[in-house]
Amino acid sequence: MAKVVGIGFKDVGKIYWFNPEEFALTFGDLVVVETIRGLEIGKVIDEVKEVPDQELEHELKSVIRIANEKDIRHYNENEVKGQEAFLKTKEIIGQHRLDMKVVNCEYTLDGAKLLIYYTADGRVDFRELLKDLASVFRVRIELRQIGQREGAKMLGGIGTCGREICCKKHLREFDLVTMKMAKDQSMALSANKITGVCGKLMCCIGYECEFYAEAKRRLPGVGDIVKTPRCQGCKVISVDYLRGLIKTEGQDGPEVWTEKEVETIVSIPKDESEDSSDGSNS
């Protein structure tokens, strides 16, 4: 068993495991750790616990120290400098007429490195840009291309529901979302109905997929032949999975029944061939 502590670097971001050493850490404590980006301040999100060694993907780095007043002051100063660097970087990119969009700028805790996050449709030749940035900021520059979903998570925004987007509000990590999930929920498949501000499938499509999967196993599907109190063999023409209602077409015309009032006589096999061509949210 290995002793670990979960550290987060964003209000709603991925949680990383570190070796707590001998520090008595509790939820909300600020600590200084070394990451692949350099020295950073993180917050204890998951308190010290033990996990099986096989769950560790790589060797743990250790917590260096509990953040002191000097560390916190440097962090706050870097936040301000990062915003200034963001505006200046946008200006320089505009001068170079490069097809890229800067999303965020962050300094490491010691101020020795400036990380610039950007989105672009393809590869960007930023060699000349890098020279100009280095001459302006006079620190080590690291340009990192990120995906549209990661960009939306950094910038935030309002979704079609009228609320703050999930990845900024509460989702620490992205889950797989596929077109099949939208189809299973009978959602309108037009782009403006199922895509988020990032241009990818909305994360919330995955929230109810398990409910629909279970409901589809329990309820008859469209095309099935069922027995109802008024019909010995009616065809199902639509199903409301949320309310558990089945609409049938019989001799007396369309009728709506509850789940307890119908009995499946013939179940029509569902065509799974289209599943292999479903898009996914990557």
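Determine the alpha carbon to alpha carbon distance for each of Lys101/Lys193; Lys88/Lys153; Lys61/Lys131; Lys3/Lys43; Lys49/Lys169; Lys43/Lys168 and list only those over 29 Å.
Values: Lys101/Lys193 25 Å; Lys88/Lys153 22 Å; Lys61/Lys131 33 Å; Lys3/Lys43 17 Å; Lys49/Lys169 26 Å; Lys43/Lys168 17 Å.
Beyond 29 Å: Lys61/Lys131.
Could you please rank Ile45, Ile66, placing first whichever residue has the fewest other Cβ atoms within 10 Å of its Cβ?
Details: Ile45 17, Ile66 14.
Fewest-to-most Cβ neighbours within 10 Å comes out as Ile66, Ile45.
Please give every one of the aspartates and glutamates within straight-line cross-link reach of Lys113, meaning a C-alpha to C-alpha distance under 18 Å, and leave out same-chain neighbours fewer than 8 residues apart.
Those aspartates and glutamates meeting the cut-off are Glu34, Glu40, Asp71, Glu77, Glu79, Glu84, Asp132, Glu142.
What is the Å³ per residue value for the convex hull set by the Cα atoms of segment 67-150? The partial results should precede the final answer.
On the way: hull volume 7.4 nm³, N = 84.
Considering the Cα atoms of segment 67-150, their hull volume per residue is 88 Å³.
Which whole-number percent is the relative contact order of the chain (Cα, under 8 Å, 6+ apart)? Could the numbers behind the result be given before it?
Numbers: 469 pairs, mean separation 31.7, N = 282.
For the chain, the relative contact order is 11 percent.
For the chain, what is the convex hull (Cα atoms) projected area averaged across all directions, in square nanometres? If you can, show how the numbers build up before the last one.
Details: hull surface 83.6 nm².
The number I arrive at for the chain is 20.9 nm².
At most 11 other Cβ atoms within 10 Å and a DSSP loop assignment: could you name the trypsin sites (Lys or Arg not before Pro) in segment 134-239 that fit?
Numbers: sites: Arg138, Arg140, Arg144, Arg149, Lys153, Arg163, Lys168, Lys169, Arg172, Lys180, Lys183, Lys193, Lys200, Lys216, Arg217, Arg218, Lys227, Arg230, Lys235; in loops: Arg138, Arg163, Arg172, Lys200, Arg230.
Those that pass, being in a loop and sparsely packed, are Arg138, Arg163.
Quick one: length gained pulling Ala2 to Arg140 fully straight, 0.36 nm per residue minus the C-alpha distance? List each step's numbers first, then the result.
On the way: separation 138, 0.36 × 138 = 49.68 nm, distance 3.50 nm.
Residue separation times 0.36 nm, minus the Cα-Cα distance, leaves 46.2 nm.
Taking amide hydrogens as modeled 1.01 Å from N in the peptide plane, which residues meet the under 5 Å criterion relative to Ile265, leaving out close sequence neighbours?
Ile225, Val226, Lys227
Measuring from the lowest to the highest alpha carbon on each principal axis, how far does segment 1-113 reach, largest first, in angstroms?
54, 33, 23
Taking the Cα centre of the chain as origin and charging only Cβ (+1 Lys, Arg; -1 Asp, Glu), how large is the dipole, in debye to the nearest 20?
Values: 42 positive and 48 negative charges, 178 e Å.
Computed charge dipole of the chain: roughly 860 debye.
³J(HN,Hα) across segment 89-105 via Karplus (A = 6.51, B = -1.76, C = 1.60, θ = phi - 60°), whole Hz, x for Gly/Pro?
My calculation for segment 89-105 gives 5, 4, 5, 5, 4, x, 5, 7, 6, 8, 8, 8, 10, 6, 9, 7, 10 Hz in order.
Values quoted throughout were computed directly from the atomic coordinates according to the rules given, and no laboratory measurement underlies them. It should be emphasised that the depicted structure is a prediction, and the values quoted were computed from it without experimental measurement. Every residue, glycine among them, receives a Cβ derived from its backbone with ideal geometry; neighbour counts consider all protein chains shown.
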